[in-house]
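Enquirer: Quick one: structure below, then a few questions.
The values are calculated or read from the model by the stated rules, or taken from the named source; none is laboratory data. The model shown is predicted, which means the values in this text are computed figures rather than measured ones. Don't worry about glycine lacking a Cβ; one is built from the backbone with ideal geometry, like all the others, and counts go over all protein chains shown. Ligands, DNA and RNA are excluded from the accessible area calculation, which covers all protein heavy atoms including side chains. Shrake-Rupley method; radii C 1.70, N 1.55, O 1.52, S 1.80 Å.
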Amino acid sequence: MPTDTKRVRGPEVSQSPSLFLCHPAAVVLPSQGPRADGRQRDQVDVRPVFVRCGLVSQAKGSAYIEAGNTKLMCCVYGPRETERKDETDMKCGRLTTDMRFAPFSCPERGSWIQGSQDKDFSLMLHESLQPAVCLHKYPRSQIEVNVMVLENSGSVLAHAVTCASLALADAGIEMYDLVLSCSIRQDGSSYMADPSYEEENYSSSVSGENQGRLTVAFLPSLNQISGLQSDGEMTQETLTAGVRACIEGCYKLYPVVQQALAKAVRKAAPPPSES
């Protein structure tokens, strides 16, 4: 009997590879004392941040940010002529944002198709960036901001806002100020600044109020908040204290962002002419 030489024949008896997977135990976070990575609770202790601008040559501006194991890339295209020519676009430009997760970015593999979480994050990103961009300087134009999450290890929305702001500045888009963002995870009477993926998705066994997450987008030079997103249940006093903690975290990121932009400008500047 002729055989198919192009087909790899497996064993007669086989088992699913999922049977041999090691399922990790449930993560139990300490309710007091230091966190799993050594940082302290109730302190604005953000993870070390690495920032670089101008990595994508095909884009008008680009930025890469790495905070712990969270890694994001942002590209900015435009300003280009918009396709919609209504009265609003005639007077000022239009900012479009698109944020997506790579299929390998999360512990559970995702899809290339934009899901509901991607659309929600894209909307929050747009609401945080739009107040800082001088859209009236670009009539009948469109500016596109594309963010790709390469690895999600917590606080991905906050770092996406910072990365997108850096990419806009690298593209030469006129802005009122840079937009920096920080997030916290409220766990009862204590909070965790710049939470990791496990801390964000941790379900506390203690039921009650003051359980939630908060993300603040901040303009440091103007001392104004451009975006705020929260979920969960928190009292007014807790929410106010959380906003102040996020603003303090944004100020800690400000020197790192300034240094990255200054380095990108020096690299792009032409060499001095010898007279």
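Enquirer: Explain nothing, just the number: dipole magnitude of the range 211-275 about its Cα centre with +1 on each Lys and Arg Cβ and -1 on each Asp and Glu Cβ, in debye rounded to the nearest 20. Don't skip to the end; give the middle numbers.
Expert: On the way: 6 positive and 5 negative charges, 68 e Å.
For the range 211-275, the charge dipole is close to 320 debye.
Enquirer: Can you sort 247, 225, 184 by solvent-accessible area, 1.4 Å probe, largest first?
Expert: Working: 247 35, 225 80, 184 5 Å².
Of 247, 225, 184, the descending order of accessible area is 225, 247, 184.
Enquirer: Kindly state, to the nearest 0.05, the FRET efficiency for residue 240 paired with residue 198, given R0 = 35 Å and r defined as their beta-carbon distance.
Expert: Details: r = 27 Å, r/R0 = 0.77.
The value I calculate is 0.85.
Enquirer: Hey, another quick one. Please compute the net charge surrounding residue 148, taking Lys and Arg as +1 and Asp and Glu as -1 over other residues with Cβ under 11 Å from its Cβ. Write out the running numbers ahead of the final one.
Expert: Details: positive: 71, 100; negative: 98, 118, 151.
Result for the neighbourhood of residue 148: -1.
Enquirer: A follow-up question, please. For residue 43 and residue 91, calculate 0.36 nm times their separation in residues minus their Cα-Cα distance, and state this gained length in nm to one decimal. Walk me through the intermediate numbers first.
Expert: Working: separation 48, 0.36 × 48 = 17.28 nm, distance 4.50 nm.
Answer, rounded to one decimal: 12.8 nm.
Enquirer: If you wrap the range 162-229's Cα atoms in a convex hull and average its projection over all directions, what's the area in nm²?
Expert: Numbers: hull surface 22.2 nm².
With the hull built on Cα positions only, its mean projection is 5.5 nm².
Enquirer: Testing the spin-label approximation: label points 7 Å from Cα along Cα→Cβ at residue 57 and residue 231. State their distance in nm.
Expert: Here the modelled spin labels are 4.1 nm apart.
Enquirer: Taking amide H positions as placed in the peptide plane 1.01 Å from N, state which residues far from residue 105 in sequence (5 or more) or on other chains have amide H under 5 Å from it.
Expert: Amide H neighbours of residue 105, under 5 Å, 5+ apart: 110.
Enquirer: Find which of 115, 159, 171 sits farthest along the positive direction of the dipole of the range 40-261, computed with +1 on the beta-carbon of Lys and Arg, -1 on that of Asp and Glu, about the Cα centre.
Expert: Sorting the options by dipole projection puts first 171.
Enquirer: Would you mind computing, in nm to one decimal, how far apart the modelled labels at residue 116 and residue 209 are, each placed 7 Å from Cα along Cα→Cβ?
Expert: 2.8 nm
Enquirer: Between beta-carbons, use under 11 Å as the cut-off and find the net charge around residue 77, counting Lys and Arg +1, Asp and Glu -1.
Expert: On the way: positive: 60, 80; negative: 98, 144.
Every neighbour counted, the sum reads 0.
Enquirer: At R0 = 51 Å, how high is the FRET efficiency between residue 36 and residue 83 if r is their beta carbon distance? Nearest 0.05 is fine. Kindly include the intermediate steps, with their values, before the conclusion.
Expert: Details: r = 48 Å, r/R0 = 0.94.
Computed FRET efficiency for residue 36 and residue 83: 0.60.
Enquirer: Report, as a whole number in µm² per second, the diffusion coefficient that Stokes-Einstein gives for the range 40-261 at 37 °C and 0.692 mPa s using the Kirkwood radius over alpha carbon pairs. Please report the intermediate quantities before stating the final value.
Expert: Values: Rh = 17.8 Å.
Translational diffusion coefficient: 185 µm²/s.
Enquirer: Further question: For the range 212-256 and the range 48-85, what is the centre-to-centre distance using only Cα atoms, to the nearest Å?
Expert: One Cα centre to the other: 23 Å.
Enquirer: What net charge do the residues around residue 65 carry, taking every other residue with its C-beta under 10 Å from that of residue 65, with Lys and Arg at +1 and Asp and Glu at -1? Walk me through the numbers on the way to the answer.
Expert: Details: positive: 52, 71; negative: 66.
Neighbourhood net charge equals +1.
Enquirer: Shifting gears a bit: Could you please put 118, 170 in sequence from largest to smallest accessible area, using a 1.4 Å probe? Walk me through the numbers on the way to the answer.
Expert: Details: 118 15, 170 50 Å².
So, going from the largest accessible area down, we get 170, 118.
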